[in-house]
């Protein structure tokens, strides 16, 4: 198995989690139910220049549950990124009395939380 593939899966999953935590937001018109974020002009996706460089470390311990000794890692980055990023935003806003923020923590939601 290629260690670069493992690192790529974790890096990509982290990017997916960061995007979901901070920017990806489906919005619908309240009256018609029409999706108003149906194009990439309206739906914000994480881009490569939005994502910081990260170091990925692993501790390869083969599993005994299959002959190859391999395990999946595709969701590892995404699962940890959501609570880590959201808690970091809440921690940064704690001086404003913020104890909760709904994902995604878009700039507008952060600003509104600071105003409240």
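Here the sum of -39500 (n - 2.57) over DSSP H runs of 4 or more residues, divided by the residues of the chain, equals -13000 deg cm²/dmol at 222 nm, to the nearest 500.
In the frame of its principal axes, segment 1-46 has Cα extents of 51, 16, 15 Å, reported largest first. Sorted fewest first by neighbouring Cβ atoms within 10 angstrom, 106, 86 come out as 106, 86. Across the chain, C-alpha contacts under 8 Å between residues 6 or more apart give a mean separation that, scaled by the residue count, equals a relative contact order of 37 percent. Segment 1-73 and segment 75-116 have Cα centres spaced 18 Å apart.
The residues 28, 43, when put in order of fewest to most other Cβ atoms within 10 Å, stand as 28, 43. Averaging the sequence gap over all C-alpha pairs within less than 8 Å and six or more residues apart, then dividing by the number of residues, gives segment 63-116 a relative contact order of 22 percent. Against the chain, whose longest principal axis is taken from its Cα atoms, helix 3-22 shows a tilt of about 10°. Packing here is the average count of other Cβ atoms within 10 Å per residue, and on that basis the peptides 47-60, 14-27, highest first, run 14-27, 47-60.
R0 = 22 Å: FRET efficiency of residue 109 with residue 43, Cβ-based, nearest 0.05?
With R0 = 22 Å, the Cβ-Cβ based efficiency is 0.90.
Neighbour counts of C-beta atoms inside 10 Å place 40, 96 in the sequence 40, 96, starting with the fewest.
All of the numbers you see were taken from the coordinates with simple rules; none came from a lab. Predicted model, so just to flag it, every value in this text is computed and none were measured. Cβ sites come from the backbone with ideal geometry, for glycine too, and all protein chains shown count toward neighbours.
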